[in-house]
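One structure below.
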Amino acid sequence: MDADRAGASLDDLIDDDDEVAVAAVTIAELLVGVLLADDVHRRGRQKFVDEVNDIIPIVDYDATVAAVHAELLVAVRRQGRPRGAHDLIIAATANATQREVVSADDSAYQELPGVMLRSHRP
């Protein structure tokens, strides 16, 4: 998550009436950041992951997400524009749960059928 790298708190990023959730694969990505961090940054990154786990619901990769994921895989193959594996899982999770993808990397999610995108950067 870009917010972790920027040092933003979840309170700064999430409004009270936002209905947010993260894909389970997002937790994996955050944990990779913890494991690869140097000693100076590891504690802060772990604190951010712990905060995400405590505050934000985590959506599992289930049969519904898998079906949407398959549709997105077919769509990007037909478009001839491959995407990152985790990006497609995040997009499928958002689509399956009728949520927007909020990302700093707009290009990873553009032109994905049924996927609503909002940049978290102004």
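Every read-out reported here was derived from the displayed coordinates using simple, explicitly stated rules and does not represent laboratory data. For clarity, every value in this text was computed on a predicted model and none was experimentally measured. Because the Cβ atoms are built from the backbone with ideal geometry, glycine has one as well, and the counts that use them run over all protein chains shown.
To the nearest 10 degrees, how steeply does helix 63-79 sit against the main Cα axis of the chain, on a 0 to 90 scale?
With both axes taken from Cα atoms, the answer is about 70 degrees.
By how many degrees, 0 to 90 and rounded to 10, does the Cα axis of helix 24-36 deviate from the longest principal axis of the chain?
Between helix and principal axis, roughly 40 degrees.
Would you calculate the convex hull of the Cα atoms in the chain and tell me its volume per residue in Å³? Write out the running numbers ahead of the final one.
Values: hull volume 13.1 nm³, N = 122.
Output value, Cα hull per residue: 107 Å³.
In region 18-64, which GluC sites (Glu not before Pro) fall in coil by DSSP and have 12 or fewer other Cβ atoms within 10 Å?
Numbers: sites: 19, 29, 51; in loops: 19.
Of the GluC sites (Glu not before Pro), the ones in loops of region 18-64 whose Cβ has at most 12 other Cβ atoms within 10 Å are 19.
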